[in-house]
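No lab work stands behind these numbers, since they all come straight from the coordinates. Remember, it's a predicted structure, so these values are computed and weren't measured experimentally. Every residue, glycine among them, receives a Cβ derived from its backbone with ideal geometry; neighbour counts consider all protein chains shown.
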């Protein structure tokens, strides 16, 4: 069952180019886009549950510009809709990527064990104290952790997930900076992101 759902999610991700081409200011009304969005919502809900954070965040995305306050003089420009569509599409693709690498039953951060465990060695600062760091978060878990973080907006989630390179890709300082910008949102995020960055520091390209 899971492999079938993953195949569907992979297909949805491959359709990114076709969906981006619909962003002419009215793409949110296109039948092909509406179908892609419903298929995306269904795939994530089927894999992780309709009430999972990823499923709820995907359903909450707005692909058109909606002013907070409407007046008689309010005008929605084509460019406004295009920007909203682009931002929401990036978030949706991030959610799909996170869902693809998520387990149907595993939820990061609820096991009670820390993602990063620092063990201090040495009783005082003058006794050559050292610290050993054990990192227990991989790339897939980090994406899932960020996707389920209630402290982040959908845009922040999408941008942070997009900043995480695949295991065979190079890590650069720009990606690290984007990740650290959301790390301070919560203790769990800080531990997870810092732990992952530490474990992948050897991949940094200066």
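Summary of values
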read-out: Gain in span if fully extended, residue 187 to residue 138, counting 0.36 nm per residue against the direct Cα distance; value: 15.9 nm
read-out: Proxy reagent accessibility, fewest Cβ within 10 Å first, across 193, 184, 164; value: 184, 164, 193
read-out: Neighbour-count order for 189, 142, fewest beta carbons within 10 angstrom listed first; value: 189, 142
read-out: Footprinting exposure proxy for 95, 64 (fewest neighbouring C-beta atoms within 10 Å first); value: 64, 95
